[in-house]
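Structure, as structure tokens:
The values are calculated or read from the model by the stated rules, or taken from the named source; none is laboratory data. All values reported here derive from a predicted model rather than from experimental measurement. Heads up, the Cβs are rebuilt from the backbone with ideal geometry, glycines too, and the neighbour counts pull from every protein chain shown.
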Amino acid sequence: MDHSFGSIFTGIGAGDYGLEQAGWRCRWQTEPDPFRRTVLDRHWPDLQRFWDVKACLASPPYEVPPVELVYGELPNTDPTWWEEIFPLVAVLQTPLWLLEASPVAFDLPEQAGLIARFGTLGYWATAKRIGFSSRMRGRILGQEIVCTLKRQRLFLLAGRDRPPMNIQAIDEFNPPGLISGAAPVTLTPKFDERPILDEVEALVGLPVGWSCLCGQSPCTCGGRIGAVNEATVTHLLEWIGTWLRACTPA
């Protein structure tokens, strides 16, 4: 496998950045929001980008490059978003799908329904809820602070039953030190006199100023607050990407 992936509901690319830190290579992204697309243009200037998931299914000139994995974080808890995804699964027939969502709207019956839908398309699928806790120390306006991030995420992993797949049960999805109840991870760098948004980006694992396009302090980028608040946890995606690479050697 070449460990390439495509990204749906990309946002500012936090999940994509995490997978790339694990050795995966992003080949295409989907994102309709102008601000988020500008951030993506800055960090991945040469990638093909679609406006949304439906655009991936449109007629030429759109052509979706083949990849080994499609990753996406659903933008809210509305289960109808899955109706956007399954037609794409049927057309692309990508070997692996890794889909992330808030677990609020997906209890066991809903998860069973999603797994069954993948089954009708020739995929096995399994789901697991993962708790994440991290902590960062820093300074804002001369005052020392400690930021803590706690999240619960649902990950659904689906694959086609043919070689070279050798992925084990998703029960192995246990990132050491990141599970709820474990000691929080202390993140770096320690900022001094940095804007709050930079602190939040660092807390989810992004480099300093990842989504700032103006270069000013304080940042004046419109749309940045919502984009950063919706970013996924990069550290967790890096761990999962490493785990998937170990399960699917090149």
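Numbers for the structure displayed
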quantity: Looking only at the stretch 1-40, and only at residues there that are assigned to a loop (DSSP other than H, G, I, E, B) and among the small types (Gly, Ala, Ser), the one that is surrounded by the fewest Cβ atoms within 10 Å (Cβ to Cβ); calculated: 23
quantity: Neighbours by Cβ (under 8 Å, 6+ apart or cross-chain): first from the stretch 84-96, under 12 Å from residue 54 (Cα atoms); second assigned to a helix (DSSP H, G or I) and modelled with pLDDT of 90 or more; calculated: 86/117; 89/118
quantity: Residue 215 of a type outside the set (S, T, N, Q), more than 15 Å from residue 36 (Cβ to Cβ), assigned to a loop (DSSP other than H, G, I, E, B) and out of contact with any His (no Cβ under 6 Å at 6 or more places or on another chain); calculated: yes
quantity: Considering residues of the stretch 1-47 that are polar (S, T, N, Q) and under 14 Å from the mean Cα position of the chain (by Cα) only, the residue nearest to residue 230 (Cα to Cα); calculated: 10
quantity: Test: residue in the stretch 41-58 that is in contact with an Asp or Glu (Cβ under 6 Å, 6 or more places away or on another chain), closer than 23 Å to residue 13 by Cα and surrounded by 15 or more Cβ atoms within 10 Å (Cβ to Cβ); calculated: yes
quantity: Leading residue by the ranking (nearest to residue 35 (Cα to Cα)) among those in the stretch 69-83 that are surrounded by fewer than 20 Cβ atoms within 10 Å (Cβ to Cβ) and either hydrophobic (A, V, I, L, M, F, W, C) or more than 18 Å from the chain's Cα centre (by Cα) (or both); calculated: 81
quantity: Scan of the stretch 18-39 for residues that are more than 10 Å from residue 241 (Cβ to Cβ) and either touching a helix residue (DSSP H, G or I) at 6+ places or on another chain (Cβ under 6 Å) or of a type outside the set (Lys, Arg) (or both), ordered by number; calculated: 26, 28, 29, 30, 31, 32, 33, 34, 35, 36, 38, 39
quantity: Tally of residues being free of Cβ contacts under 8 Å to residues at least 24 places away in the same chain and part of a helix (DSSP H, G or I) across the stretch 218-247; calculated: 2
quantity: All positions within the stretch 51-68 that are within 17 Å of the chain's Cα centre (by Cα) and farther than 23 Å from residue 245 by Cα; calculated: 52, 53
quantity: Residue ranges of strands (runs of 3 or more DSSP E) in the stretch 84-192 with at least 1 members over 24 Å from residue 234 (Cα atoms) and either modelled with pLDDT under 80 or over 18 Å from the mean Cα position of the chain (by Cα) (or both); calculated: 123-140, 143-160
